[in-house]
Amino acid sequence: MKHCVVLIGLFFPLLGLAQITPDRHQLDLLGKGHLHVGLSAGQGYKGSYSTTNVYTPRIQYFLADGWSVALEGRYIQSNSFYSFSYLGAGLSTRYYFLRSGRFALFAQLGAAYGQSKYDKYDPVDPAAYKNGIHNNNWQTSAGLGAHYRLGKRWSLEATAERNWLQSSYLTPDYNRWQTSIGVNYRLK
């Protein structure tokens, strides 16, 4: 019973904050009909070490206040001793919740279709170098992020997401946690 009281005490303020109506400036930025362009850059992690660099340009349209769809590009490049890259494009959706004056949290789901390229190098047998194994595959992602309004049209965001990239017996497993920081500009 004590644990339930503690949990209720910790999460009750968040429930009250979720019911607050955001101020007019935040609605201007995250409101229905707005069009944003943005760019995010970050890193993918396997365990506690960085394994990939990630770049994501996007065009985002708000279907309703706080709910958007985006056309995204995805570029992933390994920063380890062998060469791996992925280039794709797809759609994602976001829902912004806990919106306040300058701050909002969002949940994101997405999928991109593209091509991965893997240059395999075997340190035991250097002659067994395989150049350019190409796969067409899907990358799906789900994550959470924080959005901060800088001004009337500019905003910053930070995202942590889990990405799943199909692999085969020829390519390594590139399912990763990714973190990124980005900037957005409202066009309309």
The answer for residue 32, listing residues at least 5 apart or on another chain whose modeled amide H is closer than 5 Å to its amide H, is 65, 66
Once residue 69 and residue 188 are pulled to full extension, the length gained, defined as 0.36 nm per residue separation minus their Cα-Cα distance, is 41.3 nm
With x for Gly and Pro, the residue-by-residue ³J(HN,Hα) of region 147-154, computed from phi through the Karplus equation 6.51 cos²θ - 1.76 cosθ + 1.60 at θ = phi - 60° and given in whole Hz, is 10, 10, 7, 8, x, 5, 10, 9
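Taken together, the values in this text are just the output of simple stated rules run on the coordinates, not laboratory data. Remember, predicted model here, so these are calculated numbers, not experimental data.
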